[in-house]
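K.L.:
After the structure tokens below, expect a handful of questions from me.
Any read-out appearing in this document is the output of simple, stated calculations on the displayed coordinates, not a laboratory observation. These numbers were taken from a predicted model, which means no experiment stands behind them. Counting neighbours? That spans all protein chains shown, and the Cβs are built from the backbone with ideal geometry, glycine included.
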Amino acid sequence: MTTIVWLRRDLRLRDQPALQAAVQRGEPIVPLFIDSSAEEGSSARGGASRWWLHASLESLDSQLRRLGSRLILRQGPALATLLQLITEVNASAVVWNRCYEPTLIKRDQSIKAAVKAAGCEASSYNGALLREPWEVRNGSGNPYRVFTPYWRACLAQGEVAKPLGAPSKLSAPASWPKSLALEQLGLKPLIPWDQGLAARWSPGEPGAHKLLTRFTTQRVAGYIQERDFPALDATSSLSPHLAFGEVSPRQIWHAFTAPKAALKPGASGGGAAAFLRQIGWREFAYHLLFHYPQTVQEPLRPEFSAFPWEPQPGALRRWQRGQTGYPIIDAGIRELWTTGTMHNRVRMLVGSFLVKDLLIPWQEGAAWFWDTLVDADLANNTLGWQWVAGCGADAAPYFRIFNPVTQGEKFDATGAYVRRWVPELARLPNKWIQQPFAAPDAVLQQAGVVLGSTYPRAIVDHSVARDKALLAYHRMPKSKDKDSDTGLAT
Ligand SMILES: Cc1cc2nc3c(=O)[nH]c(=O)nc-3n(C[C@H](O)[C@H](O)[C@H](O)COP(=O)(O)OP(=O)(O)OC[C@H]3O[C@@H](n4cnc5c(N)ncnc54)[C@H](O)[C@@H]3O)c2cc1C
């Protein structure tokens, strides 16, 4: 008999509850990855994530081989593939770590029932979160809709379980079942647009731990002061590694020795506390996704369903290409296109610009991010977009509209970020780098900028667009729901 470990968004060996459960069963282990994207609906990975997945699976396979094991790759509907393999390897059990995306929860529940009905054990574990979404409830037994009380309740639940170690050896079956070659999954792009991604990232568990160590030893002290400045490499860059489960939040939690008191909301707990609070936002995003699964497509605040969005394919395309004429916005989009990531502060600005300056539905932005981010994560992406659109329970109020020029001047005062990603503006002086459309002709000429030719004219006048957005907002029927905690922007 064997035990199948079905790997999904948990591509690591350390702190791997499903793998540990398999080891404890004492049978030969068959590690399995199924590319079942055709049945995953809104959870199916976009282009940049598929690039990451390819490299991550490669890394996981080589780690497994060092332990005397290997990764079996299959493609197709998950249930049929599992049932087939159960027969092939005479499996007594299938174990996996839980996913929380609504389509996957439904699918996995029916898979668990069907595997058991086929006479095989099936067990799932928490390998992705500090707390299960259903473990944290408010005084009335309901899910939270505001971050600060949610996080306080999480912290009040006591110490987070210590991460599990890695197995030193994995027992192999007498003969290995057939596996597809990694290339056969077709995860890598056909047209090679991925050089920038390859230059920026090292997918896989070893890459994740390198970044975690770099953060705890070199970045954490400056995190609070520097994390909002996109030209600085001041944050952890762990998000894609978390999205693929190459590092667990429990490992991150225990990488710091911050006393719990320092983590309390309002306490000045330093960089570690501020950073772990961001991990708390990730937990909160999963809590919301689990309890309000409709929010992947629909606003949590129902009144926003009546918002007069203005879908404009031409403007959307200019935004997607980093051709809006607002340098901080274009820099963010171009950073995303080249590296598969975008700084958090700039994600907020770029998102706000799409939904408030252009009045384009937030779902369009979420879909673009989904396809282009290497850290695309349904919970975090949904929370982020509902936050910028003001339609989430715990969101920036709609009437708070970021000004892309003053935000650029505040967080990229020297224009270093813009100069890097929008090189055609690099010779503009600091005073005009965030607003070339307002620069005197002589300044533009000297910097070699021809508006409408070397760099686009502004797609909208921000102050006019702002008034229009506010008018649309004020005309919208309002609900009495007062949930809000704008801490994401702080
Ligand atoms: C419109 C929008 C869309 C977003 N889409 C995603 C997404 O698809 N995937 C994703 O991982 N993050 C998303 N974020 C959140 C955030 O921008 C990224 O997590 C962060 O920039 C990743 O960089 P880092 O790992 O260096 O973050 P750090 O500052 O080092 O934070 C550490 C970890 O905390 C978590 N975290 C940080 N900020 C947030 C946040 N605001 N919400 C939830 N978790 C957070 C992430 O897992 C991150 O890796 C989005 C934000 C916005 C505004």
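K.L.:
Describe numerically, in nm with one decimal, the distance between label points set 7 Å from Cα along Cα→Cβ at THR454 and at ARG200.
P.N.:
Placing both labels 7 Å along Cα→Cβ, they lie 2.6 nm apart.
K.L.:
Now a separate question. Given the Cα-Cα distance of ALA367 and GLN445 and 0.36 nm per residue of separation, how much length would full extension add, in nm?
P.N.:
Using 0.36 nm per residue and subtracting the Cα-Cα distance, I get 24.3 nm.
K.L.:
Just order 93-100, 328-335 by mean Cβ neighbour count inside 10 Å, highest at the front, would you?
P.N.:
Highest mean packing first, the order is 328-335, 93-100.
K.L.:
Sorting check: for 186-196, 247-257, which peptide has the highest mean count of neighbouring beta carbons within 10 Å, and how do the rest follow?
P.N.:
247-257, 186-196
K.L.:
Sequence neighbours fewer than 8 away in the same chain don't count; with that in mind, list the aspartates and glutamates whose C-alpha is under 20 Å from LYS178.
P.N.:
The reachable aspartates and glutamates, counting only those whose Cα sits under 20 Å from LYS178, are GLU27, ASP35, GLU58, ASP61, GLU88.
K.L.:
Can you pull the one-decimal nm distance between simple spin-label points at ARG66 and TYR125, each 7 Å off the Cα toward Cβ?
P.N.:
2.0 nm
K.L.:
Using a simple charge model, +1 on the beta-carbon of Lys and Arg, -1 on the beta-carbon of Asp and Glu, nothing else, what dipole does region 237-380 show about its Cα centre, in debye to the nearest 20?
P.N.:
Here region 237-380 has a charge dipole of around 440 debye.
K.L.:
Among VAL160, VAL443, GLY76, flag the residue with its Cα farthest along the positive direction of the charge dipole of the chain, charges on Cβ as +1 for Lys/Arg and -1 for Asp/Glu.
P.N.:
Among VAL160, VAL443, GLY76, the one farthest towards the positive end of the dipole of the chain is VAL160.
K.L.:
Another question about this same structure. Just need the relative contact order of region 2-127 here, percent rounded to a whole number, with Cα pairs under 8 Å and 6+ apart.
P.N.:
For region 2-127, the relative contact order is 35 percent.
K.L.:
Holding the Cα-Cα limit at 24 Å, pick out from LYS210/LYS410; LYS112/LYS169; LYS162/LYS210 the pairs that are longer than that.
P.N.:
In this structure, LYS210/LYS410; LYS112/LYS169 lie more than 24 Å apart at Cα.
K.L.:
I would also like to ask the following. Pop out the Kirkwood hydrodynamic radius of the chain from its pairwise C-alpha distances, inverse of mean 1/r, in Å to one decimal.
P.N.:
24.0 Å
K.L.:
Can you tell me the FRET efficiency between THR406 and ILE105 if r is taken as the Cβ-Cβ distance and R0 is 35 Å, rounded to the nearest 0.05?
P.N.:
My answer for the efficiency is 0.25.
K.L.:
While we're looking at this one, here's another question. Kindly point out which whole DSSP H helices in the chain project their C-alpha atoms 24 angstrom or further along the helix axis while averaging a Kyte-Doolittle hydropathy of 0.0 or above.
P.N.:
270-291
K.L.:
Could you work out the Kirkwood radius for region 199-262, taking every pair of different alpha carbons, averaging 1/r and inverting it, reported in Å?
P.N.:
12.6 Å
K.L.:
Same structure, new question: Given charges of +1 on the Cβ of Lys and Arg and -1 on the Cβ of Asp and Glu, with all other atoms neutral, how large is the dipole of region 302-489 about its Cα centre, in debye to the nearest 20?
P.N.:
In debye, rounded to 20, region 302-489 gives about 400.
K.L.:
Based on the mean of other beta carbon atoms within 10 Å per residue, what is the order of 370-377, 417-424, most packed first?
P.N.:
Result, highest mean first: 370-377, 417-424.
K.L.:
Here's something else I'd like to know. At a Förster radius of 41 Å, what calculated FRET efficiency corresponds to the Cβ-Cβ distance of THR213 and GLN297, to the nearest 0.05?
P.N.:
Computed FRET efficiency for THR213 and GLN297 comes out at 0.60.
K.L.:
Among the aspartates and glutamates, which have Cα under 13 Å from the Cα of LYS468 when same-chain residues fewer than 8 positions away are ignored?
P.N.:
GLU310, ASP357
K.L.:
Can you list the equivalent-ellipsoid semi-axes of region 302-489, largest first and in whole Å, using the square root of 5 times each Cα gyration tensor eigenvalue?
P.N.:
Ellipsoid semi-axes (Å, largest first): 29, 18, 15.
K.L.:
Label 7 Å along Cα→Cβ of TRP309; region 370-389 residues with amide nitrogen under 19 Å?
P.N.:
Of the residues in region 370-389, 370-373, 377-389 have backbone N under 19 Å from the label point off TRP309.
K.L.:
Using unit Cβ charges (K, R positive; D, E negative) and no other charged atoms, how large, in debye to the nearest 20, is the dipole of region 304-359 about its Cα centre?
P.N.:
In total the dipole reaches around 100 debye.
K.L.:
Remind me, relative contact order of region 302-489 in percent, using alpha carbon pairs under 8 angstrom and six or more residues apart?
P.N.:
Once normalised by length, the contact order is 28 percent.
K.L.:
Evaluate the distance, in nm, between pseudo-label points positioned 7 Å from the Cα of ALA413 and of HIS254 along their respective Cα→Cβ axes.
P.N.:
Each label point lies 7 Å from its Cα, and together they span 4.2 nm.
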